[in-house]
1. If I ask for residues that are loosely packed, with under 13 Cβ neighbours inside 10 Å and assigned to a helix (DSSP H, G or I), which ones from the stretch 1-39 would you list?
2. When you scan the stretch 49-71, do you find a residue that is open to solvent by 10 Å² or more (accessible area, probe 1.4 Å), out of contact with any helix residue (DSSP H, G or I) (no Cβ under 6 Å at 6 or more places or on another chain) and part of a strand (DSSP E or B), even just one?
3. Taking the stated definitions as given, is Ala79 in a strand (DSSP E or B), open to solvent by 10 Å² or more (accessible area, probe 1.4 Å) and farther than 23 Å from Leu242 by Cα?
4. Is it true that some residue in the stretch 42-62 is touching a strand residue (DSSP E or B) at 6+ places or on another chain (Cβ under 9 Å), within 20 Å of Gly200 (Cα to Cα) and either modelled with pLDDT under 95 or basic (Lys, Arg) (or both)?
5. Please work out which residue is nearest to Leu67 (Cα to Cα), limiting yourself to the stretch 88-131 and to residues that are open to solvent by 40 Å² or more (accessible area, probe 1.4 Å) and among the basic types (Lys, Arg).
6. Can you pull out the helices (runs of 4 or more DSSP H) entirely within the stretch 177-263 that have at least 1 residues that are in contact (Cβ under 8 Å) with a residue 24 or more places away in the chain, under 30 Å from Arg29 (Cα atoms) and in contact with a helix residue (DSSP H, G or I) (Cβ under 6 Å, 6 or more places away or on another chain)?
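The values are calculated or read from the model by the stated rules, or taken from the named source; none is laboratory data. Everything quoted here is computed from the prediction, not taken from an experiment. Cβ atoms come from the backbone with ideal geometry, glycine included; neighbour counts cover every protein chain shown. Side chains included, ligands, DNA and RNA excluded: accessible areas come from the protein's heavy atoms. Shrake-Rupley method; radii C 1.70, N 1.55, O 1.52, S 1.80 Å.
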Amino acid sequence: MQIVDTHQHLWDPDLFRYTWLQSVPSLNRPFRVPDYLEATQGLNVVKSVHLEADVDEPFMLDETRYLLALADERDNPLAGIVACGRPENDDFRSYLDKIAAHPKLKGIRRVLHTQPDDVGQGRTFIQNIGSLAGYGLSCDLCVLARQLPIAINLVSMCPGVVFILDHCGVPQVKERILDPWRSHIAEIAKFPNLYCKVSGLVAYADPARWKEEDLRPYIEQVISCFGWDRVLFGSDWPVCTLSASYKQWVEALYSITRSAGEANQKKLFYENAIRVYRLD
């Protein structure tokens, strides 16, 4: 089966600064295109979408331009870039004006799970996210399970924007906690302009003892709420390597969804990504 990976990362601390990597020693090194190609070998990953990796703010524009240049090269599967941004800042649209013309730019993300809750609720933030529709860009949402009400409010305020919820809303997989995450997923899934990325779950599982069945209730909940036309596969590589190899995650997700049939799996692993991220 062909795979479109809607959530891969690359970073190079030799080029740009990522302060958060200092707290994760196993990830605090360069992860470049050859490393990704090695991780995906034999898995038929035909396209990928690069998600920003929370580079330090002074390096945002340079990193985005660097990644867009990589996507223009023909020796990698990069088909789209979701760039970092600071919608809470007054100069956000000026920043967009410098990058939005590139056809490989597909969206913007502001990681909120590392920020105070009020960042994603400010008036400037909401207005700037709403402006993405005019640029033809989507917005990836990266929030903790407890922050899902913040995401629900943001999506409700920006009906013209296409949103993609990263990592199934970051449920507490290791602790096996389903509620209130489960009810929040059901609520946020009611917005037709929102899609859900089935990604990141192994990184939130017990790294030493996770099993396929630990992931199943979370995957089944998002598919039940969003349906097969609004879910997307993402590897979250290399963050997934904290708990599993790229191949192990793909095999677990494929196994969990096998009973739904090949047509639905093709939507999850390939077709929906092409449509939602405009990768034609």
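1. Once the filter is applied, which keeps residues that are loosely packed, with under 13 Cβ neighbours inside 10 Å and assigned to a helix (DSSP H, G or I), the stretch 1-39 yields Thr19, Gln22, Ser23, Pro25, Ser26, Pro34, Glu38.
2. Scanning the stretch 49-71, I find no residue that is open to solvent by 10 Å² or more (accessible area, probe 1.4 Å), out of contact with any helix residue (DSSP H, G or I) (no Cβ under 6 Å at 6 or more places or on another chain) and part of a strand (DSSP E or B), so the answer is no.
3. Against the criterion (in a strand (DSSP E or B), open to solvent by 10 Å² or more (accessible area, probe 1.4 Å) and farther than 23 Å from Leu242 by Cα), Ala79 qualifies.
4. yes
5. Lys104
6. Here the list reads 212-226, 246-257.
Yes/no matrix, rows are residues, columns are (1) open to solvent by less than 60 Å² (accessible area, probe 1.4 Å); (2) among the hydrophobic types (A, V, I, L, M, F, W, C):
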{"position": "Ala133", "(1), (2)": "yes, yes"}
{"position": "His167", "(1), (2)": "yes, no"}
{"position": "Lys174", "(1), (2)": "no, no"}
{"position": "Ser183", "(1), (2)": "no, no"}
{"position": "Glu187", "(1), (2)": "no, no"}
{"position": "Lys190", "(1), (2)": "no, no"}
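Residue-wise test of (1) within 17 Å of the chain's Cα centre (by Cα); (2) farther than 24 Å from Ser23 by Cβ.
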{"position": "Val231", "(1), (2)": "yes, yes"}
{"position": "Pro238", "(1), (2)": "yes, no"}
{"position": "Lys247", "(1), (2)": "no, yes"}
{"position": "Ala252", "(1), (2)": "no, yes"}
{"position": "Gly261", "(1), (2)": "no, yes"}
{"position": "Asn264", "(1), (2)": "no, yes"}
{"position": "Ala273", "(1), (2)": "yes, yes"}
{"position": "Arg278", "(1), (2)": "yes, yes"}
